[in-house]
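We did not get these values from a lab; they are worked out from the coordinates using the rules stated. Note that this is a predicted model, so its numbers are computed, not measured. Cβ placement follows ideal geometry from the backbone for every residue including glycine, while neighbour counts extend to all protein chains displayed.
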Amino acid sequence: MADRAGKLKRLVRVQRQIERVAEIELAVILRERAIVDDTRTALVDALGSLSPLHQAMATHYTKRFSGLETRDRRLTGMQAMQEKRVLTEKTKADRLKDQAREAATNEEREAEDDGLLDLLDMVMAAKARTD
């Protein structure tokens, strides 16, 4: 039983690392969305420009903008899934932490009980010798 608390503590550390990985993956997705948003803004500015060069490239810009819209929708879905995963991993880690705390408390209680039983056995043995 003494091993259970230690094993749970190790599991908590591993689960926290998994949680951090999920958070990092979410940050990567958010960064990609920011890049897509900046690129879309630049394309809108270019499409609104009066420059002959930009007007000549308008069809290419609209195709690129359409691709960016598709990518943004995909990244939005990925972000929602990743946010859910981060929450799930955090919940798992919190539950494991509670279980580890409970196991440690139970082990302390069991050790105290064993100590009291040993003391009681010693007192009973000493009393039996004196009688």
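Only one of Leu75, Leu68, Leu96, Leu53 is in a helix (DSSP H, G or I), exposed (fewer than 12 other Cβ atoms within 10 Å of the Cβ) and of a type in the set (A, V, I, L, M). Can you tell me which? Step through it out loud before you land on a result.
Working: Leu75 fails: exposed (fewer than 12 other Cβ atoms within 10 Å of the Cβ); Leu68 fails: exposed (fewer than 12 other Cβ atoms within 10 Å of the Cβ); Leu96 fails: exposed (fewer than 12 other Cβ atoms within 10 Å of the Cβ).
Matching residue, one of Leu75, Leu68, Leu96, Leu53: Leu53.
A Cβ distance below 9 Å, combined with a sequence gap of six or more or placement on separate chains, defines the contacts here; from the range 32-49, residues that are under 24 Å from Gln82 (Cβ atoms) and free of Cβ contacts under 8 Å to residues at least 40 places away in the same chain reach residues that are of a type in the set (A, V, I, L, M, F, W, C) and part of a helix (DSSP H, G or I) in the pairs Val36/Leu68; Val36/Leu75; Asp37/Leu68; Thr39/Phe65; Thr39/Leu68; Arg40/Phe65; Arg40/Leu68. From the list Ala103, Ala80, the one residue that fits, being of a type outside the set (Lys, Arg), in a helix (DSSP H, G or I) and in contact with a helix residue (DSSP H, G or I) (Cβ under 7 Å, 6 or more places away or on another chain), is Ala103. Just one residue in the set Thr76, Thr62, Thr130, Thr88 is polar (S, T, N, Q) and in contact with a Lys or Arg (Cβ under 8 Å, 6 or more places away or on another chain); that residue is Thr76.
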